[in-house]
Amino acid sequence: MTGAAPAAPGLSDARQLALRDVAQARSPRNIGRWMAWGVALLLAADVAWIFASNKSFEWPVVAQWFTGAAILRGLGVTLGLTVVAMVLGVALGLVLAIGRLSENRLPHHLAGLYIWVFRGTPLMVQLIFWYNLSTLFPTLSIAVPFGPELASWKTNDLITPLTAAIAGLALNEAAYMAEIIRAGLISVDSRQSETAQAFGMTRGRALRRIIIPQAMRAIVPPTGNQLISMIKATSLVSVIAMGDLLYSVQAVYNRTFQVIPLLMVAVLWYLLITSLLSVVQSAIERYYARGEGGIVVPMTPMAQEATA
Amino acid sequence: MNAVPLVSAHNVHKSFGHNQVLKGINLEVQAGEVVVILGPSGSGKSTFLRCINHLETMDQGAILVDGTQIGYALRGTHLHKVKPGVLARQRSEIGMVFQQFNLYPHLTVLQNIVEAPIGVHGRSKTEAEAQAFTLLETVGLRDKAHTYPRQLSGGQQQRVAIARALAIKPKLMLFDEPTSALDPELVGEVLATMRSLADQGLTMIVVTHEISFAKEAADRVVFMDGGVVVEEGAPREVLENPSHPRTRAFLSRFIERV
């Protein structure tokens, strides 16, 4: 096969080569996609018009109450409860997850029992239960089992609406976080913990320095979900007379009867907080994806909307 | 008369379920010696290596490393299993290099190397980092200190893993098939690094399929098959003039290829 090679079809001369350079290739015109965009934009404009033009939304009232003192106080309670309950829930969840993964039967079963109880009963029931603890145990005390009492408190002094709300939300959250963290820990390649062991790291250090940072990639997204659920779950504490965002809004519209605009105030605040959290979550995910060179962490739906 | 060996294994047995992998391994390694363990897949050589630092528990027998039985303590006339913290300390002077490198992917090359020296051996950050840069220099990767493992080639990752193991100033280095996961053109750079370590008098036990490395760098070659040591001796004897038919059968497969 030497000498003048037969012309390869289409690639014989310079002009053909230039024409066939894929760098110049155009994408197919996708009329369907453009039409879909057109329809979507039209619908969006229509929805916006409906919201803006319907007088029943009473947007001036929304604007008036949006930063009202009572509303902001409720917002503060919602955020404060969320942060405290979430931090406690994550901390306890981590302990439970490690217990669940322990080879030792006792912590394994204790953690399992905890998760079974707190994940298996409604949060509302748990909140009411903690709030009414004094009917079960009028006093709480620290004592030697079957022996003398060391310290004692009246239950009603300890259990205020605030402590009942924190206990209820945090203890319930811990059960869910335990499973999320456990899933994250077992998602890390077992060779990583083996390597840490071979280098003489203690189990605690290996968890802290090697396993947990890698597990975070699998832990953060569902934790973001939990956090957003928690913000809305705090609205349940209104049943034990805690003045959270929803409770404050209800208190106002019970006086003014402006139900819809005040609910819109709450809705807008909830959306604003979850949007902020989505952005923060994306940043955290990108941080824990470092070292994953080339693998791009997909943005949350929120962030995608923002850049689309 | 020989000095007290750094590693001495006596009658090591190990089963996975009904599969008996090690059937009484005896081996002694002197300080400064480079021992290469050869053998077909499934001969138990990796399992034996992992028994040395107790990554694998054994069923019977004993292994001493510099007078310490990793994972156990003799108190009076009774042998006790030690607690995890003690085990961690016992292991801390044995370096290990794995087939899949096992670098910590979330840490940079430098952080990978200083992790154990700082966290396990309590060295200062400045001291550990200075040493890490020296080690990176010797494996030829000084300029990669701040990159993440995934951005390196397999050969570079394995050289970092070697530097990481050296950073703990090990009295014994274990290599578990260090070149088996590498593309053929990257094997040479890792073997060159290992050969220079052998020349420096580091005590090494190397499980590998690289006959050429055994020939050039080993003080002694151990051939394992079916969970026992079939034959051992100087590389020249074992590789060029094997006395056992199983060794001959194994080596002939390589000669065809080389």
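Miscellaneous remarks
- Failed condition for B:D225, given (1) buried (at least 19 other Cβ atoms within 10 Å of the Cβ); (2) touching a strand residue (DSSP E or B) at 6+ places or on another chain (Cβ under 8 Å): (2)
- Scope the stretch B:85-117; condition more than 7 Å from chain A (Cβ to nearest Cβ) and over 20 Å from A:Q214 (Cα atoms); matching residues: B:V86, B:L87, B:Q90, B:E93, B:I94, B:G95, B:V97, B:Q99, B:P117
- Residue in the stretch B:31-45 that is among the hydroxyl-bearing types (S, T, Y), within 14 Å of another protein chain (Cβ to nearest Cβ) and open to solvent by less than 40 Å² (accessible area, probe 1.4 Å) present: no
- Residue check for A:V237: touching an Asp or Glu at 6+ places or on another chain (Cβ under 6 Å) and either more than 14 Å from every other protein chain (Cβ to nearest Cβ) or under 30 Å from B:G95 (Cα atoms) (or both): yes
- The residues of the stretch A:259-280 that are open to solvent by less than 40 Å² (accessible area, probe 1.4 Å) and either more than 24 Å from the chain's Cα centre (by Cα) or at pLDDT below 90 (or both), listed by number, are A:P261, A:L262.
- Residue in the stretch B:116-142 that is surrounded by the fewest Cβ atoms within 10 Å (Cβ to Cβ), counting only those that are among the hydroxyl-bearing types (S, T, Y) and over 15 Å from B:A163 (Cβ atoms): B:T126
- Looking only at the stretch B:212-240, and only at residues there that are part of a helix (DSSP H, G or I) and touching a Pro at 6+ places or on another chain (Cβ under 9 Å), the one that is nearest to B:H13 (Cα to Cα): B:A214
- Hey, A:T256 at pLDDT 90 or above, over 14 Å from A:G80 (Cβ atoms), among the hydroxyl-bearing types (S, T, Y) and open to solvent by 40 Å² or more (accessible area, probe 1.4 Å) or not: yes
- Of the residues contained in the stretch A:149-172, none is found to be touching a residue at least 60 places away in the same chain (Cβ under 8 Å) and within 14 Å of chain B (Cβ to nearest Cβ).
- Residue check for B:I70: of a type outside the set (G, A, S), touching a strand residue (DSSP E or B) at 6+ places or on another chain (Cβ under 6 Å) and within 13 Å of chain A (Cβ to nearest Cβ): no
- Meets criteria (open to solvent by less than 50 Å² (accessible area, probe 1.4 Å) and more than 21 Å from A:Y270 (Cα to Cα)) for A:S53: yes
- Residue that is farthest from the other protein chains (Cβ to nearest Cβ) [pool: residues in the stretch B:148-179 that are small (G, A, S) and either under 13 Å from B:N102 (Cβ atoms) or touching a residue at least 60 places away in the same chain (Cβ under 8 Å) (or both)]: B:G154
- Looking across the stretch B:46-64, the residues that are within 14 Å of chain A (Cβ to nearest Cβ) and part of a helix (DSSP H, G or I) come down to B:S46, B:T47, B:L49, B:R50, B:C51, B:I52.
- The lone exception for B:V222 - which of (1) modelled with pLDDT of 95 or more; (2) on the phi > 0 side of the Ramachandran plot it fails: (2)
- A:T202 satisfies every condition listed in (1) closer than 30 Å to B:K171 by Cβ; (2) surrounded by 18 or more Cβ atoms within 10 Å (Cβ to Cβ) except (2).
- Summed over the stretch A:181-191, the residues that are in contact (Cβ under 8 Å) with a residue 12 or more places away in the chain and either among the β-branched types (V, I, T) or facing chain B (nearest Cβ under 7 Å) (or both) give a count of 3.
- Failed criterion for A:L106 (all others in (1) surrounded by 14 or more Cβ atoms within 10 Å (Cβ to Cβ); (2) free of Cβ contacts under 8 Å to residues at least 24 places away in the same chain hold): (1)
- Within the stretch A:192-210, the set of residues being facing chain B (nearest Cβ under 10 Å) and either closer than 26 Å to A:N172 by Cβ or aromatic (F, W, Y) (or both) comprises A:F199 only.
- Filtering the stretch B:73-84 to residues that are touching a helix residue (DSSP H, G or I) at 6+ places or on another chain (Cβ under 8 Å) and within 13 Å of chain A (Cβ to nearest Cβ) leaves B:V82, B:P84.
- Residue-level check: of (1) away from chain B (no Cβ under 13 Å); (2) farther than 30 Å from A:F66 by Cβ; (3) open to solvent by 50 Å² or more (accessible area, probe 1.4 Å), A:P222 misses just (3).
- The set of residues in the stretch A:174-195 that are within 19 Å of B:R164 (Cβ to Cβ) and touching a Leu at 6+ places or on another chain (Cβ under 9 Å) comprises A:S193, A:E194, A:T195.
- B:G32 being among the small types (G, A, S), outside any helix (DSSP H, G or I) and closer than 21 Å to B:M194 by Cβ: yes
- Considering the stretch B:65-173, the qualifying strands (runs of 3 or more DSSP E), each wholly inside and each with 1 or more residues that are within 19 Å of B:V190 (Cβ to Cβ), run over B:94-97.
- Test: B:R220 is free of Cβ contacts under 8 Å to residues at least 40 places away in the same chain and either open to solvent by 20 Å² or more (accessible area, probe 1.4 Å) or more than 27 Å from B:I70 (Cβ to Cβ) (or both): no
- Some residue of the stretch B:49-69 being among the small types (G, A, S) and within 22 Å of B:V229 (Cα to Cα): yes
- Qualifying residue in the stretch B:211-231 (condition: polar (S, T, N, Q) and away from every other protein chain (no Cβ under 14 Å)): yes
- Filtering the stretch A:111-130 to residues that are in contact with a helix residue (DSSP H, G or I) (Cβ under 7 Å, 6 or more places away or on another chain) and within 14 Å of A:P161 (Cβ to Cβ) leaves A:L127, A:I128, A:W130.
The values are calculated or read from the model by the stated rules, or taken from the named source; none is laboratory data. Nothing here was measured: the structure is a model prediction, and the numbers come from that model. Note that we place each Cβ from the backbone using ideal geometry, even for glycine, and neighbour counts take in every protein chain shown. To get the accessible areas, we keep the full protein, side chains included, count just its heavy atoms, and leave off ligands, DNA and RNA. Shrake-Rupley method; radii C 1.70, N 1.55, O 1.52, S 1.80 Å.
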